[in-house]
Amino acid sequence: MAIKQLTVFVQNRKGTIVSVTDILARNAVNIRALSIAETEEFGILRLIVNDEEMAEKVLAEHGYLIKVVDVVGVKIGDEPGKLTAALDVLDKADINVEYLYAFMARTEKHAYVVLRVENNETAESILADAGFHLITEEDINKL
Amino acid sequence: MAQNYYQKEIETMSVESMKQLQSEKLVKQVKHVYENVPYYKNLMDEKGVKPEDIKGIEDLYKLPFLTKADLRDAYPYGLLAKPLEECVRIQSTSGTTGRRVVAFYTQKDIDLWEDCCARAIVAAGGTNKDVCQVAYGYGLFTGGAGLNGGSHKVGCLTLPMSSGNTERQIQFMTDLSAKILCCTPSYAAYIGETLKEQGYKPEDIPLKAGIFGAEPWTEEMRQNIEETLGIKAYDIYGLTETSGPGVAFECSEQTGMHINEDHFLAEIIDPETGEVLPEGEKGELVFTSLDKEAFPLLRYRTRDICVLSRKQCSCGRTLIKMAKPMGRTDDMLIIRGVNVFPSQIETVLLNEGYLPNYQIVVDRANNTDTFEVNVEMSPEQFTDKVSDVLQMEKSLANAMKTMLGINPTIHLVAPKSIVRSEGKAVRVIDKRKLV
Ligand SMILES: [Zn+2]
């Protein structure tokens, strides 16, 4: 059920993020969502793309340090309070969210949230039980 | 394990008798050099030292040092102490930096050198019943010639393989049941990997011991070689300037190398001041050849940093021991007043599960040295969490602090991101020198 997140290690030099997105663009990989966590010295780029196999291959060829991890994707309506409600459900179940980021779809009026948790299956079943719509790799490819 | 010695009387001689023997030899050697080597006579004259001032090893400190620069200046014949017609051999260094070093040998020099190598082979458990495979390079390099000669002296059936052609090495090793392998540690590791790929288990490999030297290697490498080949791996030390391999060799205790001090008198000095340091202190290793006729170097500074120890050894040998050199004086960095060797950083990295791909950056800010180490992270180590990466940096810094006594700032970086110059990684960037 979980979706694939591409994680890329980047050193904080000028232009490093642009070179990653540039490589992906030249290989027809579309970025659906992007978030960066950074320190003074390095950054970790997190990407949801339409073709993570291609993305991994071309970035590896350019010498990037990459890891593909499974994350939980949730579709939430474009209305106030929906994100809080989702986090609330997880919090009550004692599930720690390591990090999260949100993105909008081009076509639909929906917001999507990517959640990094320790155990994807538990988080997914709790969210599903609470009535949230989880997204799959197929959904991502259709966006 | 019952101990065998090649020259028991010398190898187990009392320290008193050894010092007596060294003193007698030193007095003669200084006279021989003063009379036959104008280059060194000049150095002694400049220092105001006469041969008669040297009455024993306690006077050694009075003699001037020889350095690699002297060897270059005196190239090729300036330090020769015997007429060429009495010399029978030349060996030479690889000469990767500067002019090559050329060392001369009389027949007696060769003989004593081979004895030294024979002591090493016997200490590693070699006997005349064993097949000894010498996979050091033959030729100008001292590795092949030295161990080949030592193997003959022990009476081993000697396989003069030279280095390379690993398929053939393996074929001879297995067909003829070689028991002792002599080569560089990196080549031993390579042979081990190849055997493993071909499906050999350690117990299928006939070897029982290996004598590995001529390049720096770590304890981790030793364990790795011992496991893949199913052997005991012994270290051997030497340098072309003093003869070749066999200046010092490891015994069954594997806690440092016994110096053949009846031939090579060792000292440890402060590399900055030249002052002789007491036993047990870390400093530059200096050798005086007591028996060499053709190329007798007095107080030759090896640039290797190490420690000497006279602690009693379980093997029964009384010969003084030297620790594995922890670096070269040329590589030594002084950071916040502490001596730091790149080899120490490398050891920590291997201990902590990193590849030795690193770069030390030293600079100065607010009148204090800054000390940063960039370390390449492997794909397996990389995680998507910033906190994990920061934690890895922190624990690596702690491990370095324990080893070095000072705290570096660690930066984990992407693989292959450390600048390489002609394929070799640039290990040290010292920006303090550029100011
Ligand atoms: Zn010993």
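Leaving out ligands, DNA and RNA, and with a 1.4 Å probe, what % of the accessible surface on the range B:1-330 is carbon or sulfur?
In the range B:1-330, the share of accessible area belonging to carbon and sulfur is 50 percent.
Non-local amide H neighbours of residue B:294 (under 5 Å, H modeled in plane, Pro and chain starts lacking H): which ones?
B:106
Rg over Rh of the range B:333-430, using C-alpha atoms and the Kirkwood radius, what does it come to?
0.95
Rounded to the nearest 100 Å², what is the buried accessible area between B and A, both sides summed, probe 1.4 Å?
Its buried surface, counting both partners, is about 1500 Å².
Is the shape of chain B rounded, prolate or oblate, going by the alpha carbon gyration tensor and its root eigenvalues a ≥ b ≥ c, with a/c under 1.5 for rounded and a/b larger than b/c for prolate?
Taking the square roots of the gyration eigenvalues as a ≥ b ≥ c, chain B is oblate.
Share of antiparallel DSSP beta bridges in chain B, in percent to the nearest 5?
Approximately 65 percent, going by the DSSP bridge assignments.
For a quick check: with amide H placed at 1.01 Å from N, whose amide H comes under 5 Å from residue B:211's, ignoring anything fewer than 5 positions away on the same chain?
Amide H neighbours of residue B:211, under 5 Å, 5+ apart: B:181, B:182, B:183, B:234.
Heavy-atom accessible area of residue B:336 with all protein chains present, probe 1.4 Å, nearest 10 Å²?
It works out to around 100 Å².
Which pairs break 31 Å Cα to Cα here: A:4/A:82; B:311/B:401; B:208/B:401; B:8/B:68; B:47/B:153?
B:208/B:401; B:8/B:68; B:47/B:153, as the Cα separations exceed 31 Å there.
Amide H to amide H, which residues 5 or more places from residue B:413 or on other chains are under 5 Å from it, using H placed in the peptide plane?
Residues meeting the criterion, in which the H sits 1.01 Å from N, are B:375, B:376, B:377.
Which whole-number value in Å² is the accessible area per residue of chain A, probe 1.4 Å?
52 Å²
Order B:311, B:50 by their accessible area, 1.4 angstrom probe, all chains in place, largest first.
Final ranking, largest accessible area leading: B:311, B:50.
How much accessible surface area, in Å² rounded to 10, belongs to the heavy atoms of residue A:100 with a 1.4 Å probe?
Here the accessible area works out near 70 Å².
In 5 Å bins starting at 0, how do the alpha-carbon pair distances of the range A:3-69 split up by percent?
Going from the shortest bin to the longest, the percentages are 4, 18, 34, 28, 13, 3, 0.
Just read off the accessible area of residue B:217 with the full protein assembly in place, 1.4 Å probe, to the nearest 10 Å².
Counting only protein heavy atoms, residue B:217 exposes about 10 Å² to solvent.
Quick check: pseudo-label points 7 Å beyond the Cα along Cα→Cβ at residue B:61 and residue B:430, how many nm apart are they?
Inter-label distance under the simple model: 2.7 nm.
Taking a cut-off of 19 Å between Cα atoms, list the aspartates and glutamates near residue A:142, but don't count ones fewer than 8 places away on the same chain.
Counting by Cα, and skipping residues close in sequence, residue A:142 has these aspartates and glutamates nearby: A:51, A:52, A:53, A:70, A:78, A:108.
Please go through the range B:26-106 and write out the chymotrypsin sites (Phe, Trp or Tyr not before Pro) that DSSP classes as loop and that have at most 13 other C-beta atoms within 10 Å.
When the chymotrypsin sites (Phe, Trp or Tyr not before Pro) of the range B:26-106 are filtered for loop state and at most 13 Cβ neighbours within 10 Å, B:77 remain.
When the accessible area of the range A:3-69 is split by element with a 1.4 Å probe, what percent falls to carbon and sulfur?
Of all accessible area on the range A:3-69, carbon and sulfur atoms account for 47 percent.
Mind pulling up the Rg/Rh value for the range B:296-343? Radius of gyration and Kirkwood radius, both on Cα.
My calculation of the ratio gives 1.10.
By accessible area of protein heavy atoms, probe 1.4 Å, what ranking do B:204, B:291 get, highest first?
Descending accessible area places them as B:204, B:291.
Count charges around residue A:96 for me, please; just the other residues with Cβ under 13 Å from its Cβ, Lys/Arg as +1, Asp/Glu as -1.
Summing Lys/Arg as +1 and Asp/Glu as -1 gives -1.
Output ³J(HN,Hα) for the range A:128-143: one whole-Hz value per residue in order, computed from phi by the Karplus curve 6.51 cos²θ - 1.76 cosθ + 1.60 with θ = phi - 60°, and x for Gly and Pro.
Per residue, the Karplus-derived 3J(HN,Hα) values read 5, 4, 7, x, 7, 9, 8, 9, 10, 4, 4, 4, 4, 5, 8, 5 Hz.
Which of the GluC sites (Glu not before Pro) found in the range B:323-400 are in a DSSP loop and have at most 16 neighbouring Cβ atoms, other than their own, within 10 Å?
Passing both the DSSP loop test and the Cβ count: B:352, B:380.
With N set to the number of residues, divide the alpha-carbon radius of gyration of the range B:3-96 by 2.2 N^0.38 Å and report two decimals.
1.32
Got a sec? Which residues in the range B:140-160 would a label at residue B:168 touch, if it sits 7 Å along Cα→Cβ and we count backbone N under 20 Å?
Under 20 Å, as judged by backbone N against the label point of residue B:168, lie B:140-149, B:157-160 of the range B:140-160.
Please state the relative contact order of the range B:217-257 as a whole percent: Cα pairs under 8 Å, 6+ residues apart?
27 percent
Between rounded, prolate and oblate, where does the range B:368-421 land on the alpha carbon gyration tensor, with a ≥ b ≥ c its root eigenvalues, rounded for a/c under 1.5, else prolate if a/b exceeds b/c?
Judged from the Cα gyration tensor, the range B:368-421 comes out oblate (a/c at least 1.5, b/c at or above a/b).
Would you be so kind as to identify all helices of chain B, as entire DSSP H runs, whose Cα atoms reach 20 Å or more along the helix's own axis and whose mean Kyte-Doolittle hydropathy is at least -1.0?
Helices meeting the criterion: B:15-36, B:107-123, B:386-404.
For the range B:241-326, just say rounded, prolate or oblate: build the C-alpha gyration tensor, square-root its eigenvalues into a ≥ b ≥ c, call rounded for a/c under 1.5, and beyond that prolate if a/b exceeds b/c, oblate if not.
Oblate is the answer for the range B:241-326, as a/c is 1.5 or above yet b/c matches or exceeds a/b.
Against the globular-protein guess of 2.2 N^0.38 Å, express the Cα radius of gyration of the protein assembly as shown as a ratio, rounded to two decimals.
Relative to the rule-of-thumb radius for its length, the protein assembly as shown sits at 1.27.
Can you grab the distance from the C-alpha centre of the range A:91-143 to the C-alpha centre of the range B:263-291, Å, no decimals?
68 Å
What distance in nm separates the two pseudo spin-label positions at residue A:70 and residue B:352, each 7 Å out from Cα along the beta-carbon direction?
3.2 nm
Starting from the Cα of residue A:137, step 7 Å along the direction of its Cβ; do the same at residue B:84; then give the gap between the two resulting points in nm.
For residue A:137 paired with residue B:84, the spin-label model returns 7.6 nm.
Using a probe radius of 1.4 Å on heavy atoms only, what accessible surface per residue do you get for chain B? Whole Å² is fine.
44 Å²
Picking from A:112, A:131, A:50, whose Cα lies most toward the positive end of the charge dipole for chain A (charges on Cβ: Lys, Arg +1; Asp, Glu -1)?
Towards the positive end, the residue furthest out is A:50.
Counting only protein chains, not ligands or nucleic acids, how are B:179, A:57, B:292 ordered by accessible area (probe 1.4 Å), most first?
A:57, B:179, B:292
The values are calculated or read from the model by the stated rules, or taken from the named source; none is laboratory data. Model, not experiment: these values are computed from the prediction. No Cβ is skipped: glycine too gets one built from the backbone with ideal geometry, and neighbour counts run over all protein chains shown. In case anyone asks, the SASA skips ligands and DNA or RNA and just uses the protein heavy atoms, side chains included. Shrake-Rupley method; radii C 1.70, N 1.55, O 1.52, S 1.80 Å.
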